[in-house]
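Report on the structure given below.
The values are calculated or read from the model by the stated rules, or taken from the named source; none is laboratory data. This structure is a prediction, so every number in the text was calculated from the model and none was measured. Ideal geometry is used to build each Cβ from the backbone, glycine not excepted, and the neighbour counts take in all protein chains shown.
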Amino acid sequence: MEEPIQINIGKWTILFILISMLLFIFPIIDISVGAFNLSLIFTEPWRLITSMFLHASVPHLFYNIVSLFIFGNLIEIHYGSKFFVTLSLISGIIGTLFFGILEPTTYSVGISGVIFGLIGASVILVPDAKALMPIGIISVPAKVKIAGPFIAIGEFILGFFPSTVGHHAHFGGFFGGIILGYYIKKTSKIKNKLSHEEFHLEEIDL
């Protein structure tokens, strides 16, 4: 008799997704008062957090929650909820600030800085996890240690071209994730909770 498939889901990953969805469906925090702009960093610092959970459109929200589900679970299940929340908030803030410094006249929303922070940490902590790497109009499965830097460099370059996408926030979040992941790995502050035999999400082509 075959054993039932075990699905591992991080509770904080799901909470972040639900908050993002609920704030989009029921906009109790309007983008005009929740989006981040560098000029408001001292007078309205809470925007560093609120802007992460606000989204400008359905495609923006959909892409982010799918990506968050994949990489959030990957990190939270392996390294715990506390590290997931810490990593998410710090990398999200770094991404938002990086975007604000380079594009000071623009307001930003979205949780993609968090997502790229998770990807950056994954490059260091679970480098053999698989993800889809965009090449032109197609995507191919590749290990995170290859796909992550490739995508991050692309985001940094694209950030210097006119766009409605916060490419600089993506790169900033990725950089923050790399730093935190490297710190955890070198100091052994947090141990990997699961072996590859116990959890196989990282072996799925995403």
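Here is how the numbers come out for the structure above:
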{"read-out": "Residues satisfying the stated conditions in segment 20-41, i.e. surrounded by 14 or more Cβ atoms within 10 Å (Cβ to Cβ), of a type outside the set (Ser, Thr, Tyr) and within 22 Å of the chain's Cα centre (by Cα)", "value": "Met21, Leu23, Phe24, Ile29, Ile31, Gly34, Ala35, Phe36, Asn37, Leu38, Ile41"}
{"read-out": "Enumeration of residues in segment 64-82 that are within 14 Å of Ile17 (Cα to Cα) and either free of Cβ contacts under 8 Å to residues at least 24 places away in the same chain or of a type in the set (Lys, Arg) (or both)", "value": "Val66"}
{"read-out": "Residue satisfying all of: in segment 82-113; in a helix (DSSP H, G or I) and among the hydroxyl-bearing types (Ser, Thr, Tyr); modelled with the lowest pLDDT among these", "value": "Ser112"}
{"read-out": "Qualifying positions in segment 20-65 - over 24 Å from Gly10 (Cβ atoms) and touching a Gly at 6+ places or on another chain (Cβ under 8 Å)", "value": "Phe36, Asn37, Leu38, Ile41, Arg47, Ala56"}
{"read-out": "So Ala169, is it within 13 Å of the chain's Cα centre (by Cα), among the hydrophobic types (A, V, I, L, M, F, W, C) and surrounded by 14 or more Cβ atoms within 10 Å (Cβ to Cβ)", "value": "yes"}
{"read-out": "Residue that is at negative phi, polar (S, T, N, Q) and surrounded by fewer than 23 Cβ atoms within 10 Å (Cβ to Cβ), where the choices are Thr96, Thr50", "value": "Thr50"}
{"read-out": "Within segment 90-109, tally of residues that are out of contact with any strand residue (DSSP E or B) (no Cβ under 6 Å at 6 or more places or on another chain) and closer than 18 Å to Met21 by Cα", "value": "2"}
{"read-out": "Members of segment 53-86 found to be small (Gly, Ala, Ser) and surrounded by fewer than 23 Cβ atoms within 10 Å (Cβ to Cβ), listed by number", "value": "Ala56, Ser57, Ser67, Gly80, Ser81"}
{"read-out": "Filter result for Leu89 (touching a residue at least 24 places away in the same chain (Cβ under 8 Å), surrounded by fewer than 21 Cβ atoms within 10 Å (Cβ to Cβ), hydrophobic (A, V, I, L, M, F, W, C) and within 27 Å of Ser163 (Cβ to Cβ))", "value": "yes"}
{"read-out": "Of all residues in segment 14-64 being assigned to a helix (DSSP H, G or I) and among the small types (Gly, Ala, Ser), the one that is modelled with the lowest pLDDT", "value": "Ser32"}
{"read-out": "Residue in segment 150-167 that is assigned to a strand (DSSP E or B), within 13 Å of Ser67 (Cβ to Cβ) and touching a residue at least 24 places away in the same chain (Cβ under 8 Å) present", "value": "no"}
